[in-house]
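A.B. asks: The structure under discussion is supplied below as structure tokens; questions concerning it will follow.
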Amino acid sequence: MRVANPKNETVFQNIPLDWGDFDAKQLEALKVEGDLQWSYLLGKEEEEELIKDPDRLDLLSGRARDGFLVQVGKTTEARKEILEDFQSSFVLVMIGVLGVGVAGGALLARRSLRPVRELAEVMRSIRRTGRMDARVPTRQTGDEVDEMAEQFNALLNTIESLVTRMRSALDDIAHELRTPMTRMRGAAEMALRSNSDAETYRQALADCLEETEQALTTLNALMDVAEAEAGAMKLNREDVDLAALIRGVVGLYEDVAEEKGLALETTVPERLVLRADPRRLRQAVANLLDNAIKYTPRGGRIEIAIAQEQQLARISVKDTGVGIAAEELPRIWSRLYRGEAGHSQRGLGLGLSLVRAIVLAHKGSVDARSQSGQGSEFTIRLPLTVPE
């Protein structure tokens, strides 16, 4: 603390002993303008060494009314010590925070990337073993990584289903082609081993052609069913008058039904139009009508009717034939399945499976109701407009 007269001559001065580094004579040379003024003094060592952050004496100077000058000063040493302690603590805290952040970030990154590693492991497993039953675990978190795992599992389900159907189709093809191939070989071998005339050779060739035709029919039907079940059946959709289509199919079978003594009854409206593949739809209805004629005894009746149910077209084929046993009804749509009554009839066992495949390709449905000995009724429902 210092008090000076108006000429800035020291009247009273009190400087602590440990402030000897500051030259008090500098205060007499200090110019004070105004009533209050902040200023500072540097120590002798700080002035000589040009220290970046030196200790200094902060001063507040003020004039009294009589012109005397009062100065109060305080060294910055204590403040520097506090700031240095704070700086050291801040550095330590930041090192700790940085360490925790790095460790936590590594843990979160590892946890977040776990589904990606599991996905890669499943892909390696499938590639290594060829098995399609492996799946990526999902956690139901709803985030993007979990959605990716769900989509990948859905893709695996689709691929597995396609592979399973392909293998099943190949097994069916191998099974069904074995019989006609064996018959063709037998007919050819018998003709070659015997000293037969031209008529015998001609008959052998005819048998081979018949078996070849059956094999091609089987192969085409199996391929149609496999394509439809895999969702790959190509449909050439156009506006189809369902009433005219049904009349055309019934016209093809009228002679066959008349020869067997069956009554064909048709109930159709004047016109009912829907978007469909006419060739495929004709094939499905023809298969149902062909089955009804096969399994209905002489004197029976077959009813074919179509009607509109809201936004659906309903096609029903009802007969008074031998019917289907209750235990066989769920299996009639399977490929190459032939029920007890079917063993007495010539066929491939592909008719109903092909009907179902065609209807499903049109985004429709088909069902059957039957009792053994009391006839059957098959119903197809198709959307009148193409579903999105």
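A.B. asks: Tally up the carbon and sulfur contribution to the accessible surface of the stretch 58-141 as a whole percent, 1.4 Å probe, everything protein left in place.
C.D. replies: Details: 4010 of 6320 Å².
The computed percentage sits at 63.
A.B. asks: Where does the chain land at 222 nm, in deg cm²/dmol rounded to the nearest 500, when only DSSP H runs of n ≥ 4 count, each adding -39500 (n - 2.57), divided by all residues?
C.D. replies: -17000 deg cm²/dmol
A.B. asks: Summing +1 for each Lys or Arg and -1 for each Asp or Glu, what net charge is found among the other residues whose Cβ lies under 13 Å from the Cβ of Arg117?
C.D. replies: +2
A.B. asks: Ok, one more. Give Lys7/Lys80; Lys294/Lys318; Lys31/Lys80; Lys25/Lys74 a once-over and call out the pairs whose C-alpha atoms are over 24 Å from each other.
C.D. replies: Numbers: Lys7/Lys80 34 Å; Lys294/Lys318 13 Å; Lys31/Lys80 27 Å; Lys25/Lys74 16 Å.
In this structure, Lys7/Lys80; Lys31/Lys80 lie more than 24 Å apart at Cα.
A.B. asks: How much length is gained on full extension from Glu210 to Gln151, taking 0.36 nm per residue of separation minus their Cα-Cα distance?
C.D. replies: Between Glu210 and Gln151, full extension yields 16.4 nm more.
A.B. asks: Oh, and also: Of Leu252, Leu235, Leu59, which is the most mobile in a GNM of the chain whose springs link Cα atoms less than 10 angstrom apart?
C.D. replies: Top of the fluctuation ranking is Leu59.
A.B. asks: Given a Förster radius of 51 Å and the C-beta distance between Asp239 and Thr179 as r, what FRET efficiency does 1/(1 + (r/R0)^6) yield to the nearest 0.05?
C.D. replies: Numbers: r = 42 Å, r/R0 = 0.82.
That pair, Asp239 with Thr179, gives E of 0.75.
A.B. asks: Name the residue, out of Glu84, Glu258, Glu309, whose mean-square fluctuation peaks in a Gaussian network model built on the chain with Cα pairs under 10 Å.
C.D. replies: Per the Cα network of the chain with a 10 Å cutoff, Glu84 tops the list.
A.B. asks: Also, quick follow-up: Rolling a 1.4 Å sphere over the protein heavy atoms, what is the accessible area per residue of the chain, to the nearest Å²?
C.D. replies: Averaged over the residues of the chain, the accessible area is 64 Å².
A.B. asks: Tell me, what is the 1.4 Å probe accessible area of Arg110, in Å² to the nearest 10?
C.D. replies: Rounded to the nearest 10, that gives 150 Å².
A.B. asks: If we count every other residue with Cβ under 13 angstrom of Gly251's Cβ, Lys/Arg +1 and Asp/Glu -1, where does the sum land?
C.D. replies: Once positives and negatives cancel, what remains is -1.
A.B. asks: Let me ask something additional. Give the lysines whose C-alpha is closer than 22 Å to that of Lys363, dropping any in the same chain fewer than 8 places away, or say none.
C.D. replies: Straight-distance partners of Lys363: Lys234.
A.B. asks: With a 10 Å cut-off between alpha carbons and a GNM built on the chain, which of Met223, Met190, Met132 moves the most?
C.D. replies: Maximum among the listed residues: Met190.
A.B. asks: Compute the FRET efficiency between Thr76 and Ala103 as 1/(1 + (r/R0)^6), taking r as their Cβ-Cβ distance and R0 = 41 Å, and round to the nearest 0.05.
C.D. replies: Working from the Cβ atoms, E equals 0.55.
A.B. asks: Could you work out what % of the accessible surface of the stretch 177-252 is carbon and sulfur, using a 1.4 angstrom probe and leaving DNA, RNA and ligands out of the count?
C.D. replies: Values: 2640 of 4770 Å².
That fraction is 55 percent.
A.B. asks: Pull out a ≥ b ≥ c, the square roots of the eigenvalues of the alpha-carbon gyration tensor of the stretch 200-243, then state rounded if a/c is under 1.5, prolate if not and a/b is larger than b/c, and oblate in the remaining case. Can you show the working numbers first?
C.D. replies: Values: a/c = 5.37, a/b = 2.22, b/c = 2.42.
Oblate, since a/c reaches 1.5 and b/c is not below a/b.
The values are calculated or read from the model by the stated rules, or taken from the named source; none is laboratory data. Small disclaimer: the values here were computed from a predicted structure and weren't measured. Counting neighbours? That spans all protein chains shown, and the Cβs are built from the backbone with ideal geometry, glycine included. Areas reflect the complete protein model, heavy atoms only, side chains present, ligands, DNA and RNA absent. Shrake-Rupley method; radii C 1.70, N 1.55, O 1.52, S 1.80 Å.
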